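Trainee: Take a look at this one; I'll ask things after.
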Amino acid sequence: MVVSLLAGMICSMAITNYSRAYDGGSQRRYLATPTGRKIRFRLRSDDPLPGGLYTLFQLAIYYGNRADLRRVDKLLESLRAGVGQERQWLLPWMEVLSGVVAWLRGEFDAAGSHLEGAAVALAAAAHHELDAVWSQPNDPAAAAHDHLALVGLVRGDLAGAEAELARTACRAEGLGFPQGPFNLAYTRFVESWIRIEAGQLDRAAALAADLTDQAERHGFDQWRLIGAAQQATVGALAALGADQLDPSGLRAHIATVIRFVDTWRRLGVNMYLTFYDSVVARLLIAAGQPQQARAHLDTALAQARDTGMCFYDAELLRLRAPTHADPDARQADIGAALELARSQGATLFELRAALDDYDLRGQPARAALIDAASRIPANNAWPELARAQASLSDDLPRI
């Protein structure tokens, strides 16, 4: 009863226009977004999830895509209240959702705990009960491993991230349509992002192209758009690494990536969006437009504050530093990035901030750089480690 009332309250807050259509024993509900796009929810008359639990799950995924993390928290609280002893098999899915939300917040240790626990529970469990009611293409086990790969990314554990991606691909290959291709597309997106962060742009480009091809083959419009954005991102970053920067080409790249970012922000598709904001800022800085870059980064940081999606804040602060003409303001942003990355357990971002701090201050920043580099897991080929070793070859311990 309580869960039913909460579901109704949340739906009434979320749904601008609400209509119903009936199909035999099923009831389909449609959420109309402010842009007019309809999201379908299905409630079955024989649903083993009474009290609106199935709807709450779908709403949690919907609001997660919007990065409305406070509302997702309320939905998860309602879900936990309604599970009961007879539906404990739902708990691993809730742990996955909790882990994804924690990762988006930048609470990476908590995210790892939720996701690792969920992955173990899902590997050991039969999926008959969930399969009987679940019509979403998102697979909980695949989602857990994809986001464990992203935990590995921020920790600087590239090898660990690759192992998680391999587990997801193996899982997706055993699923039918649409779950198999859909989850493999998600994995291609995550891996292309990780390859971008690692400076492996050729591999990122191949993955983004494969993602786009799969999306077109299977009719996944969402992944087709994301694949195109990844291809545009890789192309833009590759242009930054060219021997001679082409100003007209750079302007075209800026316009393309900004178009993707503005479209997603206008539609409210905010999940992971601040990563793309950082790409826009890098392009604008390279084009000699630091004020425009700072304005874009300020918008991204404001959205992070509003939504709680702070997973990339350390990078946004680090990138904002060179847009300041005032040395004190520059140092303040670098210091804030370093402190935030350290507190979040984002060792890769901490290393990047420490490198920039060393470039800015020299010897006083040396110890922090050595410390951050030493905490990158062994046998991980990050460009930042090569930079650190080149700068501190005399003092840096073997990594």
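Trainee: Restricting the search to region 371-387, which residues are assigned to a helix (DSSP H, G or I) and more than 27 Å from ARG105 (Cα to Cα)?
Mentor: The answer is ALA386, ARG387.
Trainee: In region 180-236, what residues are at pLDDT below 95 and touching a His at 6+ places or on another chain (Cβ under 7 Å)?
Mentor: Result: PRO181, single match.
Trainee: What number goes with the only condition from (1) over 18 Å from GLU191 (Cβ atoms); (2) free of Cβ contacts under 8 Å to residues at least 24 places away in the same chain that LEU245 does not pass?
Mentor: The number of the failed condition is (2).
Trainee: With a cut-off of at least 2 residues that are modelled with pLDDT under 95 and farther than 19 Å from MET271 by Cα, name the helices (runs of 4 or more DSSP H) lying wholly within region 98-167.
Mentor: Qualifying helices (runs of 4 or more DSSP H): 108-124, 128-133.
Trainee: Then there's this: Could you grab me the full set of residues in region 63-82 that are touching a helix residue (DSSP H, G or I) at 6+ places or on another chain (Cβ under 8 Å), surrounded by fewer than 20 Cβ atoms within 10 Å (Cβ to Cβ) and free of Cβ contacts under 8 Å to residues at least 60 places away in the same chain?
Mentor: The answer is ASP73, LEU76, ARG80.
Trainee: With the structure loaded, tell me whether ALA228 is assigned to a helix (DSSP H, G or I) and farther than 26 Å from GLY156 by Cβ or whether it fails that test.
Mentor: Working: assigned to a helix (DSSP H, G or I): yes; farther than 26 Å from GLY156 by Cβ: yes.
Here the answer is yes, as ALA228 does meet what is asked.
Trainee: Name the helices (runs of 4 or more DSSP H) wholly within region 251-355 that hold at least 3 residues that are of a type in the set (Val, Ile, Thr), surrounded by fewer than 24 Cβ atoms within 10 Å (Cβ to Cβ) and assigned by TED's automatic domain parsing to the domain that holds ALA102?
Mentor: Working: elements: 273-286, 290-307, 313-320, 327-344.
Helices (runs of 4 or more DSSP H) meeting the threshold: none at all.
The values are calculated or read from the model by the stated rules, or taken from the named source; none is laboratory data. Every value quoted in this text rests on a predicted model; they were computed, and no experiment measured them. Cβ coordinates were reconstructed from backbone atoms using ideal geometry, including for glycine residues, and neighbour counts include every protein chain displayed.
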